[in-house]
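The values are calculated or read from the model by the stated rules, or taken from the named source; none is laboratory data. Not measured: the values here are computed from a predicted model. Using ideal geometry, Cβ is built from the backbone for each residue, glycine included, and neighbour counts are taken over all protein chains shown.
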Amino acid sequence: MLNFELTAHQILGLHDGHLVACQQHQLEQHTAQAFQAMQIAAKNDGITLDIASGYRSFDRQTFIWNQKAQGKRPVLDIHQQPIDTNCLTPDQLVFAILNWSALPGTSRHHLGSDLDIYDSSQIIAEDIQLIPEEYAPNGPSYRLYLWLKENAHLFHFYWPYATERGGVQIEPWHLSYAPVACQAIDDFPEDLLLETLTNKQIDLMPQIEENLSSILKKYVYNVDMPSFTS
C-alpha cells in the first residue's frame, strides 16, 4: 500500500510541490507513474489513452467559478442544457453551478490524483466536450472506456462519479488514483477551506458559507469508492 499523504494546502489546490509533468499536464508523482504504466498497457492492446485535463489550482477553479457566477460562462442543468441564471436565486445559482463545476478548494483536480481522459486517435483535444455521449456506444472514447472498465483497477484507478448519487453528475471521463485520492478526501481540511474561501475573492460567498456543510456532504464526500483495496 502506498504510504503518501498530501498536505492540507495541496488538497485545496494551494500548493503544487507534489506535482510532476505528464504529457502537457501535471499530476501527483505516484499518479503520473501509474498513469504512464496504464497508458503503455492500453497501447499494447491497441487503445489510445491520453489526458484531457489533470491538475487544476485553487485560483484556476476560482476563475471558472466566478465566470459562471457572473454569467460569463454557461451554467448547465443535469441534462447539460443551459440555464437562464437570471431566473435563479443566489442559493439556486450556487447549486446549479455545482452540477458540473466544483467549489474552489473542493475540486478533485486539486489533488493531482484525478484526471480526465480521452481517446486522441478518435477525437482531437480541441473538439472534446467531456460529455457522456463521447464515452457511450458510437462515441469517440467508447472503446477506451470499455478497456478501462476491464483494466483501470489493475493500476489502482477508478471512477469517483460513476453513478448518480444526487451530487456531481456522472463523469465517465474522470478517473481517480485511489491510493492518493481516497486518503486526501479522508484528510479533507474543512476549517482551512472556510478560512481560504473567506480570504479570497469568491462570488456568492454568503450563500457558500451558509450552505458549506451541505455542499461538502453532497459534492465532496458523496462519491463512489473503489471496489478494490488501494
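Computed quantities for the displayed model
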item: Selection status of LEU154, touching a strand residue (DSSP E or B) at 6+ places or on another chain (Cβ under 8 Å) and either more than 30 Å from ALA8 (Cβ to Cβ) or in a loop (DSSP other than H, G, I, E, B) (or both); result: no
item: Number of the exception - GLU134 against (1) touching a residue at least 12 places away in the same chain (Cβ under 8 Å); (2) more than 26 Å from ASP77 (Cβ to Cβ); result: (2)
item: Only listed residue being surrounded by fewer than 16 Cβ atoms within 10 Å (Cβ to Cβ) and out of contact with any helix residue (DSSP H, G or I) (no Cβ under 6 Å at 6 or more places or on another chain), chosen from LEU115, LEU154, LEU148; result: LEU154
item: Residue match in the range 165-186 (condition: assigned to a loop (DSSP other than H, G, I, E, B), among the polar types (S, T, N, Q) and surrounded by 16 or more Cβ atoms within 10 Å (Cβ to Cβ)); result: yes
item: Residue, farthest from the chain's Cα centre (by Cα), within the range 157-169, restricted to residues that are over 12 Å from TYR221 (Cα atoms) and modelled with pLDDT under 95; result: GLU164
item: Extreme residue, nearest to ASP119 (Cα to Cα), among residues of the range 40-90 that are of a type in the set (S, T, N, Q) and under 19 Å from the mean Cα position of the chain (by Cα); result: SER53
item: Tally, over the range 111-142, of residues that are within 13 Å of the chain's Cα centre (by Cα) and assigned to a loop (DSSP other than H, G, I, E, B); result: 3
item: Helices (runs of 4 or more DSSP H) enclosed by the range 1-110 - at least 2 residues per element that are without any contact (Cβ under 8 Å) to a residue 40 or more places away in the chain and surrounded by fewer than 21 Cβ atoms within 10 Å (Cβ to Cβ); result: 29-44, 58-69, 90-97
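Residue-by-condition table, conditions (1) surrounded by 13 or more Cβ atoms within 10 Å (Cβ to Cβ); (2) more than 19 Å from the chain's Cα centre (by Cα); (3) at pLDDT 95 or above:
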{"position": "PHE188", "(1), (2), (3)": "yes, no, yes"}
{"position": "LEU194", "(1), (2), (3)": "yes, yes, yes"}
{"position": "ILE208", "(1), (2), (3)": "yes, yes, yes"}
{"position": "TYR219", "(1), (2), (3)": "yes, no, yes"}
{"position": "ASP224", "(1), (2), (3)": "yes, no, yes"}
{"position": "THR229", "(1), (2), (3)": "no, yes, no"}
